[in-house]
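The values are calculated or read from the model by the stated rules, or taken from the named source; none is laboratory data. Just so we're clear, the structure is a prediction, and the values are computed from it rather than from any experiment. Note that each Cβ is placed from the backbone with ideal geometry, even for glycine, and that neighbours are counted across all protein chains shown.
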């Protein structure tokens, strides 16, 4: 960057940022003496921000600080975008703010250095998610216990979830009955009631959690089954004729027996029955009138096998999900999420207006390979438009008794899920180890809590490389180090590498299974071993263009800060050294903007960098806009436009095309349903061979 450009850049930042811009101070600092006992905690005031919002930071110190300063550096990926200093004079905590850039769906890492004299004595990091909608990068948590709680207790729980950047909460088993979730009326709800386990639920606590979550820009989802009813549901207007049966003579109801002392067993209704739908949606409307929930988390229990309606006709339950959800959307007009238990019904669920895909994982999907296959399948089925959240219960057998989670099992599971582009519902008032969410037998150690904060910071800071229109690709890896590497499936005793491509970057994840005693993700009995930290691993990666930069980031080191790596390039290979690998490292290879093929015989899977999907113009538009794209080789091309719920509203291209540059028009008045499109955010996605990319367009009337 030239001096003139630097001066201009500084001038712009002084306008858009609330603190005076200062030149970098790290060059003035002689030593970095990491003491690690100054920072108590660092927080932001929201889990998610819209473009241009102001982030309010707060740091609490372990002791009063005087004669020191903070150096705060803001990064998007490996590029520093802003820097500021804050003086500390006789303070035990400090607050400041930062106005976010006007880019949507971006993650940022904020490095915070404590400086005394000319020495850096401590560092802490935190991440910031700038996303106008929560479902683009869902980070789902839960609540499951609603006794009479003070406002301080409610605030403390939500503040903890906010520190993990949880942007949506599933309110599990908050309801009175499954077939009548609200006790009382919307105008006069009962002050408390018993849930199905006969635990007392306080209306004020549920409402308090919702209100507190909204302060942190966290969405709240009311849990309920789509077909659950109590044994006495007939007293509430639910006749047996709406039920599902295991026989053709309606003698044997499909039901779940629950422990003695619970309010009822669960009896399952036919979700395709229109009378049941109308009844249940009326009950759910009362919920949204009485409580300011944002949406409905719809649950099921998986494949029932062969079941029949009251008339003795066979019912394909999975085939009813799409209609049920669409009717629910039309009736309630709220966001929806539905659990696909072990992927049961997922292909129909994703065709409905759901915010993202949610899979509860059970046997036989027991290996890390199975998890990755679920994530890849969800991506493929939704054309990359819906993100995945997995409900995957770690240390499952241990959860039967009090104890602690096994940290290696937890971190390996999260590393695999996050690296593959999904997220994991696991955090609430406690951590999940069981499908019955109130089960809180297992606790997190202090060390695990600290590590998970780093992992969630990492997922947010690098969300654009983990979850934003990246596509898996084949990259050949070799090493002179004494370790074995596996691509897919991941193998015990190996370093697993998972490569992706996006634009002019390749992203390669390395997960250290060298000492793993199992490749089962559940680590049911808590026996997974702690990995050794591997040092100075030389990597040779095949590339197809000129490399401009190689850098690394890890949630296990330096709180996720990026680090440039030295590299050498020899024809179609780049060589670099990973300085250390504990659980998970992410290496990013960046290519020159004017990428040209080094090896004309390169596999097409490595050519994603030569595709180009341009930003539409004009943008915003009304009613017509132009989309340009470039193909490096002939392939079947599909270009579609979707609304923010993932509904396909227009297919612009679906045919074989030769290499070259292409231009296509999109007219908002000529869409799939021939309806006037409302102003708002839409997305267009191109798929050509193995290349997939998505961009946003804005219709403004």
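Among residues of the range 341-359 that are outside the structural domain of residue 331 (by TED's automatic domain parsing), none has a beta-carbon under 9 Å from a residue that is in a loop (DSSP other than H, G, I, E, B) and surrounded by fewer than 24 Cβ atoms within 10 Å (Cβ to Cβ) at least six positions away or on a different chain. Does residue 88 meet the test of being in contact (Cβ under 8 Å) with a residue 40 or more places away in the chain, buried (at least 20 other Cβ atoms within 10 Å of the Cβ), assigned to a strand (DSSP E or B) and touching a strand residue (DSSP E or B) at 6+ places or on another chain (Cβ under 8 Å)? Against the criterion (in contact (Cβ under 8 Å) with a residue 40 or more places away in the chain, buried (at least 20 other Cβ atoms within 10 Å of the Cβ), assigned to a strand (DSSP E or B) and touching a strand residue (DSSP E or B) at 6+ places or on another chain (Cβ under 8 Å)), residue 88 does not qualify. Residues that are assigned to a strand (DSSP E or B) and surrounded by fewer than 21 Cβ atoms within 10 Å (Cβ to Cβ) were ranked within the range 525-546; the one that is modelled with the lowest pLDDT is 542.
For (1) crowded, with 18+ Cβ neighbours inside 10 Å; (2) out of contact with any strand residue (DSSP E or B) (no Cβ under 6 Å at 6 or more places or on another chain), each residue gets a yes or a no:
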position	(1), (2)
451	yes, yes
460	yes, no
473	yes, no
476	no, no
488	no, yes
496	yes, no
509	yes, no
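In this structure, is residue 277 out of contact with any strand residue (DSSP E or B) (no Cβ under 9 Å at 6 or more places or on another chain), over 23 Å from residue 334 (Cβ atoms), in contact (Cβ under 8 Å) with a residue 12 or more places away in the chain and assigned to a helix (DSSP H, G or I)? Against the criterion (out of contact with any strand residue (DSSP E or B) (no Cβ under 9 Å at 6 or more places or on another chain), over 23 Å from residue 334 (Cβ atoms), in contact (Cβ under 8 Å) with a residue 12 or more places away in the chain and assigned to a helix (DSSP H, G or I)), residue 277 does not qualify.
Would you call residue 82 more than 24 Å from the chain's Cα centre (by Cα) and modelled with pLDDT under 50?
Here the answer is no, as residue 82 does not meet what is asked.
Among the residues of the range 550-565, those identified as outside any loop (DSSP other than H, G, I, E, B) and crowded, with 16+ Cβ neighbours inside 10 Å are 550, 551, 552, 553, 559, 560. Evaluating residue 252 against the criteria (1) touching a residue at least 12 places away in the same chain (Cβ under 8 Å); (2) more than 37 Å from the chain's Cα centre (by Cα) leaves one unmet condition, (1).
Of all residues in the range 53-73, those being under 29 Å from residue 507 (Cα atoms) and within 22 Å of the chain's Cα centre (by Cα) number 1. Of the residues making up the range 442-489, those that are at pLDDT below 95 and over 26 Å from residue 523 (Cα atoms) number 15. Checked against (1) within 18 Å of residue 177 (Cβ to Cβ); (2) assigned by TED's automatic domain parsing to the domain that holds residue 209; (3) free of Cβ contacts under 8 Å to residues at least 24 places away in the same chain, residue 297 passes all but a single condition, namely (3).
Being without any contact (Cβ under 8 Å) to a residue 24 or more places away in the chain, out of contact with any helix residue (DSSP H, G or I) (no Cβ under 8 Å at 6 or more places or on another chain) and part of a loop (DSSP other than H, G, I, E, B) is a condition met by no residue of the range 442-450. Scanning the range 265-280 for residues that are buried (at least 18 other Cβ atoms within 10 Å of the Cβ) and closer than 12 Å to residue 230 by Cα yields 266, 267, 268, 269. One residue is enough: does the range 482-490 have a residue meeting the conditions assigned to a loop (DSSP other than H, G, I, E, B), over 23 Å from the mean Cα position of the chain (by Cα) and closer than 30 Å to residue 175 by Cβ? Within the range 482-490, none of the residues are assigned to a loop (DSSP other than H, G, I, E, B), over 23 Å from the mean Cα position of the chain (by Cα) and closer than 30 Å to residue 175 by Cβ.
Is it fair to say residue 249 is crowded, with 21+ Cβ neighbours inside 10 Å and not in a helix (DSSP H, G or I)?
So residue 249 does not fit the description; no.
For the range 53-66, a tally of residues being in contact with a strand residue (DSSP E or B) (Cβ under 7 Å, 6 or more places away or on another chain) and surrounded by fewer than 19 Cβ atoms within 10 Å (Cβ to Cβ) returns 7.
This table checks each residue for (1) in contact (Cβ under 8 Å) with a residue 40 or more places away in the chain; (2) in contact with a strand residue (DSSP E or B) (Cβ under 8 Å, 6 or more places away or on another chain); (3) surrounded by fewer than 16 Cβ atoms within 10 Å (Cβ to Cβ); (4) closer than 29 Å to residue 474 by Cα.
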| position | (1), (2), (3), (4) |
| --- | --- |
| 653 | no, yes, no, yes |
| 659 | no, yes, yes, yes |
| 665 | yes, yes, yes, no |
| 668 | yes, yes, no, no |
| 675 | no, no, yes, no |
| 684 | yes, yes, no, yes |
| 687 | yes, yes, no, yes |
| 692 | yes, yes, no, yes |
| 701 | yes, no, yes, no |
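Restricting to the range 155-167, name every residue that is out of contact with any helix residue (DSSP H, G or I) (no Cβ under 6 Å at 6 or more places or on another chain) and in a helix (DSSP H, G or I). If the condition is that a residue be out of contact with any helix residue (DSSP H, G or I) (no Cβ under 6 Å at 6 or more places or on another chain) and in a helix (DSSP H, G or I), then 156, 157, 159, 160, 161, 162, 163 are the ones that fit.
Selection of the range 566-582 for residues being surrounded by fewer than 17 Cβ atoms within 10 Å (Cβ to Cβ) and assigned to a loop (DSSP other than H, G, I, E, B) yields 566, 571. Go through the range 166-206 and give me each residue that's out of contact with any strand residue (DSSP E or B) (no Cβ under 9 Å at 6 or more places or on another chain) and either surrounded by fewer than 17 Cβ atoms within 10 Å (Cβ to Cβ) or free of Cβ contacts under 8 Å to residues at least 24 places away in the same chain (or both). Passing the criteria: 185, 186, 187, 188, 197, 198, 199.
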